[in-house]
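Q: Input: one structure, supplied below.
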Amino acid sequence: MELFEAIRTRRSIRKYRGDPVPRALVEQVLEAGRWAATGGNRQPWQFCVVTNAARRAELSVMGGSGRWIAQAPVCIIIFMSEAITPVQDCAAVAQNMLLAAHALGLGACWVGNPNVSFAERVRQYLGVREPLRFFAFMSLGYPDETRQPAKKPLGEMVTWES
Ligand SMILES: Cc1cc2nc3c(=O)[nH]c(=O)nc-3n(C[C@H](O)[C@H](O)[C@H](O)COP(=O)(O)O)c2cc1C
């Protein structure tokens, strides 16, 4: 898929078909994350991939609004380490992953942030060691919904110098 088309047509997907996602596709999504821009090239991230249904169910009840994680065949959990700009770096990773998933015919949804109440519980549940900290969930699977959320027009957000 052409880049601008992917940017324009990507949507957060929270309903998934049951079919499993081939590991090679999950790896392509992870690979897109790996190439994200990062302050000082620190690359302060680690990815945990969960496909086990029982674990996804556990994560879904921990994960705030992300109840559908139980139905998504894959959940990638992004963890961040200490760096110059870890939050911004991991956000760039997550956006790359969302776009790559869409370009591959998959759907994805970014869930949560480092300040959610369940962040520490998720880290401990997955046995991820400090100083890594939870950044976000990324649910992944073949989409079973189409969405068209309203987007503000460019004119509302741009000022050209005069
Ligand atoms: C930092 C961040 C956190 C988000 N957390 C959640 C969340 O907890 N639950 C959820 O349903 N969607 C979450 N989303 C997805 C947004 O709701 C979604 O991006 C927004 O509604 C715009 O829709 P679109 O992605 O289809 O353009 C999050 C997105 C971002 C960028």
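The values are calculated or read from the model by the stated rules, or taken from the named source; none is laboratory data. Bear in mind that the values here come from a model prediction, so they are computed numbers and not experimental data. Here the Cβ is made from the backbone with ideal geometry for all residues, glycine too, and neighbour counts use every protein chain on show.
Q: Quickly run through region 118-140 and pick out the residues that are over 19 Å from Ala83 (Cβ atoms) and either within 10 Å of the ligand (Cβ to nearest atom) or touching a residue at least 12 places away in the same chain (Cβ under 8 Å) (or both).
A: Those that are over 19 Å from Ala83 (Cβ atoms) and either within 10 Å of the ligand (Cβ to nearest atom) or touching a residue at least 12 places away in the same chain (Cβ under 8 Å) (or both): Phe118, Glu120, Arg121, Val122, Tyr125, Leu126, Phe137, Met138, Ser139, Leu140.
Q: Quick one: which of Ala54, Ala70, Ala6, Ala94 is away from the ligand (no atom under 16 Å from the Cβ) and hydrophobic (A, V, I, L, M, F, W, C)?
A: Answer to the selection: Ala54.
Q: Looking only at region 5-19, count every residue that is under 14 Å from Leu104 (Cα atoms), touching a strand residue (DSSP E or B) at 6+ places or on another chain (Cβ under 9 Å) and free of Cβ contacts under 8 Å to residues at least 60 places away in the same chain and tell me the total.
A: Number of matching residues: 0.
Q: Given the criterion closer than 14 Å to Ala103 by Cα, out of contact with any strand residue (DSSP E or B) (no Cβ under 7 Å at 6 or more places or on another chain) and either of a type in the set (Ser, Thr, Tyr) or surrounded by 12 or more Cβ atoms within 10 Å (Cβ to Cβ) (or both), identify the matching residue among Ala32, Ala36.
A: Ala32
Q: For region 91-112, does any single residue satisfy the condition of being crowded, with 16+ Cβ neighbours inside 10 Å, among the β-branched types (Val, Ile, Thr) and out of contact with any Gly (no Cβ under 9 Å at 6 or more places or on another chain)?
A: Taking every residue of region 91-112 in turn, none turns out to be crowded, with 16+ Cβ neighbours inside 10 Å, among the β-branched types (Val, Ile, Thr) and out of contact with any Gly (no Cβ under 9 Å at 6 or more places or on another chain).
Q: Find the residue count for region 30-58, including only residues that are free of Cβ contacts under 8 Å to residues at least 40 places away in the same chain and part of a loop (DSSP other than H, G, I, E, B).
A: 2
Q: Quick check on my filter: what residues within region 65-82 are among the small types (Gly, Ala, Ser) and under 12 Å from Trp110 (Cα atoms)?
A: Ser65, Gly66
Q: Among the residues of region 101-113, count how many are over 13 Å from Ser139 (Cα atoms) and either assigned to a helix (DSSP H, G or I) or within 10 Å of the chain's Cα centre (by Cα) (or both).
A: 1
Q: On the given criteria, is Asn113 more than 10 Å from the ligand (Cβ to nearest atom) and at pLDDT 95 or above?
A: The answer is no for Asn113.
Q: Filter region 81-90 down to the residues that are among the hydrophobic types (A, V, I, L, M, F, W, C) and surrounded by fewer than 23 Cβ atoms within 10 Å (Cβ to Cβ), then identify the one that is farthest from the ligand (Cβ to nearest atom).
A: My answer is Ile84.
Q: Anything in region 9-29 that is away from the ligand (no atom under 16 Å from the Cβ), of a type in the set (A, V, I, L, M) and outside any loop (DSSP other than H, G, I, E, B)? List them, or say none.
A: Ala24, Leu25, Val26, listed by residue number.
Q: OK, next. Under 6 Å by Cβ, and 6 or more places apart or on different chains, what pairs join a residue from region 71-94 that is farther than 17 Å from Ala119 by Cβ with one that is at pLDDT below 95?
A: Going by the 6 Å Cβ cut-off, there are no qualifying pairs.
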